[in-house]
Amino acid sequence: MRTWDVDAHPKWLAMEAEGRFQIRPSQHLIAKHLLNNPGAVTQLNMGEGKTRVILPMLSIAWADGGNMVRLNFLAQLLDEAHSHLHSLLTDSVLNVRLFRQPFHRDVAVNAVNIAAMRTSLAYCQSVGGLLLVAPEHRLSLQLKRDELWGTDPVACAASDDLVSVPCIDIMDENDVLLHHRFQLVYSCGTQEPLPSLQARATAVQALLITASALADQPGSVLTKPGVSAWVDAVDPMRQPGSFCSLRVIPGNALEGAAGPICSALAQALVDHPPLYELRWLHGHPLKERLAACMVDLSRSVEALVGAVDWADGLAEGQQEMLLALRGLLAGGQLLHCLQKRHRVEYGIRRHAPGPLCKRLAVPFRAADMPSERAEFAQPDVALLLTTLSYYQDGLSVEELRQAFEQLKRMGVNAQHDVYRQWLQASGRHTNPGQVPAPDSIRKVDTSNAAQMATLHRCFSHNMLAINCWLNACVFPAETKQFPQRLSCSAWHLADNPRIIGFSGTSDNHRLLPLQVHQSDPNVPALRATDGHMMALLLSNPTCLRLPEDLGPTWQGALAMAATNNMDALIDCGALLAGVCSRVAAEWVMPMLNAHFKGVCFFDPSSKQWVILDRCQRCMPRHSSPIPESQALVLFDDARCRGADLQLGKNAVGMLTLGPGICKDKLMQAAGRLRLLGRGQGLCFLATHEVARAMYSTSTRMQPAPETPHPQEPLFKQHVQLQQLHHHEQQPHEQLQQSQQPPLTSRHVLAWVMENSRVAMEQGVLDWARKGLHFAASKAHRTRHGGPLVQEEVLELKHLWGGERIDRSVAEHAKLIAQRQALGLGLDHQSPLPFPPNQLHEQSPGCAHRAEAEATGRLRHQPQPHPPSGHLPQLSPCVVQGRGCETAEALPESASTHRGAVVATCLQHHQPQQKPQCTVHGCYRTTEELVDGICERSALYGQGLRVASSPHGQDDECEKQLEQEEEVQQQPPQEQPPKVQPCNEVDWDYAAVFQARSVVDLAPLLPALGLVMSSGQVEQPQRQAEQPRHLAARVDSPCLVGQPQHPAQPQHPGTTGQTVQSQNECYPKQSHRKEVPHEQQQQQQQQQEQQ
């Protein structure tokens, strides 16, 4: 039954007929609510038709020829959304045209291109078309306008006209598009080398070598349970001298061990420096104070070491080295980077075209999905993650050849010493039958392919060899910095009074920009959105543990899915990271039973879903004879949100769990099963690390009876497999795990909600910093007409030389707001250039992070804990304010009571409101906006304190460089003079061959630009200035010409012959009498006979 008027929306009826579906009442309610509430974002469960139905409804309702409708999608979903909208709206009777205008910094901005883009937008608006964009495109255009403000006012004005085109913005997956961490940066200014590069790189490499050695020691602080994971120190396949793949696990165990870890590393550096550049630490009279300075940020370096000793006792290079180590240890950068997952959160972007092929580590958007134009803005974080990436990936043959070439450029003694250290680290490890590495650098021949293969086997993962290559070939060229930056964030994306959005999850709706607000229809059927999804997960309680004896992690995950006859593997935990989807499909194919006819996966090269059959034929999904319901579907990490495939009605999916997963990501991944709870089932797969974290989170949970499962026979084989794995473990592990209850979906939900709480608390700082910068940039443009340029802080003494003062989040927000006001010269009453109905009041939490340290470390004030063994139940407000009886039954972790519980604060405490305008509760002045941010910082940052200095930087951001600046600048070379080529002249070959002497050629010379002087042929003066290779054509039968080089020895009988030298024809000059023509012929015949 339709709940909408067909006469009012005839295009909706046509869309129903073309798409062969009917608009549901819930979908109409959401669309009607968004049509009537600009600035609102709402939530609807996955699979309810947000992108497939509601977004087209809103688009064709507004695209009437008078409005410009702009659809905002995630970059990885833009192509898929374009394909769906084209088939539904364009290739139909509606004939809605789709437009795309991708933009990045390399696009040439001039009057012609701007006019073309403006004309295209005007045409899109007039024909009722839709503009599809990604957030990077919009922000890049704004930053390009700001970049041109001081250099090209005409282009700046034209681009400003393009930016200010009035649009209606529809945000698909608004919780990701408007995420508080999203930021785009344009670096500007003159490129310059990174200050103290050698000291920074040496500190990073020395700490990683020391950490790897410490992890190899049994019983060290890094090997304590719950602190580290994936330490392959005892792996027999690990090459000697390589990194141990250490990764620390965030959590309570790491918080308690962070201090001892840093102290142990500092003491090891002082006692046994691993690198030659740090040998001065051993035996230094101040080494105890130096070690204390590396791990203490509460006082300045001069206070810890002593002002006199700091100035006189340490050289400038030693001071830089100490400051770099202080930032890595006391600043928390080392532990912060060691928590990241390689090839999931960072890695090397290989096989990128042109200037995008950076050799530094870049952020990853998902597993094996590097960001195209992003890099780490904090230089120390970039150096650390780059070194970690090459330690784990190893060097290629060509990169190792470059390392040896750099080694051979050193002095003779240095070559032997360095190569001897490489050999000692690698131990000349060879298997039986393999050729060992040469024992001397003099025996190394980089042109010998066989020898390079042997060297690559021995030194590809050698940390010292990698350090040599990085220091000589990568860091000097790739780490050049710019002194200033222009930045935009999600606040600039939401800077539109006509913006709406929707998503399947709303965990971070309190951290959305103030221009939008969470607003859901007051309909009972839509009020328990989160609770309904959580109830579905609770009804699928099976949670398996990944066995550790199945080889690599990706093979274990695929084997578990194939063994248990899963229809889909939803890799939410990125366990398939590091392996190509095609390789994974081919590996798992032989393990599938006869029911599966192939494997369906997303092919990054063709950017489409494909199906690989058992004959190794790979075809696009839409043209393959095998439906996805008869294939094993692999949802990689990037496709766990937004992907929509037609799985079987009784399909069962396996959802992998990785470190730090939040509730919104888990819900989005589970939503790939569109019929979950209506025939389709789900089970979880957790690694050993995740299982330990879930047990740690639920240590104070009350034992609860298992929820009866209506589809118990489906998962019986899973439980048996898990019990079989427990039986095969070691006896002490059996005893430890026998005392713990089996993992269920209840543990999974409690764990992901705890992760969401932690992420929300940490996001408060970043949200406030970007909000205050947005307010400052708008005010700066109003007062000065130009962009707000931020200065980069790159000097080590400014970053880590001072002390870090503990302040609350609210204090930091107020302090930064005051500094911004002083820097802009504001009186806190200047009006903001916002329309009265643009900013809507909501309850976001924020705190300024411009002062926060790069790692964003937080400390909680002591809070009273509930009695051990008893925990309160989760209130409905914890589940995003939607009432659900199932959600109330979920237990909450005890750690939730530390610091600020955002939902609980909202329920029991409301901030004092400032006088605001009556239209939508907006902020009219800079003071009102800044005060609103500070108030909510105090609300959501209760109990949080940050130790920081006045200089802080984001460790990760979208940072776009101009193409010509990304290429290493080469020294200018002298260019040859530009000359005009001579015109071609046709020769009179008949007259030439009939000539008996030079005099007979006189009538031909003027046509060739030559003259006769004293019986000799000369060039005019104007042609003598031309280059010799242009005086006469090479392919012309040049007979005579004035020689420009020393005369060559003459031989009898060569008079009149031509000699070609250096692409020119010059005659041999002779003072002998001319030989008669008959004698010349006789001589030529004799020569031919000889």
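All of the numbers you see were taken from the coordinates with simple rules; none came from a lab. Here the structure is a predicted model, which means the values were calculated and not measured. Glycine gets a Cβ as well: all are built from the backbone with ideal geometry, and neighbour counts include every protein chain shown.
Stick to the Cα atoms of the stretch 542-722, pair each with every other, and give me the Kirkwood hydrodynamic radius in Å at one decimal.
Here the Kirkwood hydrodynamic radius works out to 16.8 Å.
What share of the DSSP beta bridges in the stretch 542-722 is antiparallel, in percent to the nearest 5?
In the stretch 542-722, approximately 30 percent of DSSP beta bridges are antiparallel ones.
If you consider only alpha-carbon coordinates, what radius of gyration and Dmax does the stretch 562-655 have, in Å?
Over the stretch 562-655's Cα set, Rg and Dmax evaluate to 11.9, 32 Å.
Hey, which of these cross-link pairs are over 30 Å Cα-Cα: Lys607/Lys663; Lys607/Lys665; Lys144/Lys797; Lys287/Lys408?
Lys144/Lys797; Lys287/Lys408
Taking the dipole about the Cα centre of the stretch 1-156, with the C-beta of Lys and Arg at +1 and of Asp and Glu at -1, give me whichever of Gln27, Ala122, Ala17 is farthest to the positive side.
Comparing the listed Cα positions along the dipole, Gln27 ranks first.
At a Förster radius of 45 Å, what calculated FRET efficiency corresponds to the Cβ-Cβ distance of Ala213 and Glu398, to the nearest 0.05?
With a Förster radius of 45 Å, E is 0.95.
If you count, for each residue, the other Cβ atoms within 10 Å and average over each peptide, how do 563-576, 262-275 line up from highest to lowest?
563-576, 262-275
Can you tell me which of 187-195, 776-784 comes out highest on packing, and rank the rest after it, using the mean Cβ neighbours within 10 Å?
So the peptides 187-195, 776-784, ranked by packing, come out 776-784, 187-195.
Near Leu464, within a Cβ-to-Cβ distance under 12 Å, what is the net charge of the other residues, with Lys and Arg +1 and Asp and Glu -1?
0
Arrange the following residues from fewest to most other Cβ atoms within 10 Å of their Cβ: Val109, Val69.
By the 10 Å Cβ count, ascending, the order reads Val109, Val69.
Quick check on the exposure proxy: order Thr687, Thr505 from fewest to most C-beta atoms within 10 angstrom.
Listing Thr687, Thr505 from fewest to most nearby Cβ atoms yields Thr687, Thr505.
Which order do the peptides 796-806, 741-751 take when ranked by the mean count of other beta-carbon atoms within 10 Å per residue, highest first?
Going from most to least packed, we get 741-751, 796-806.
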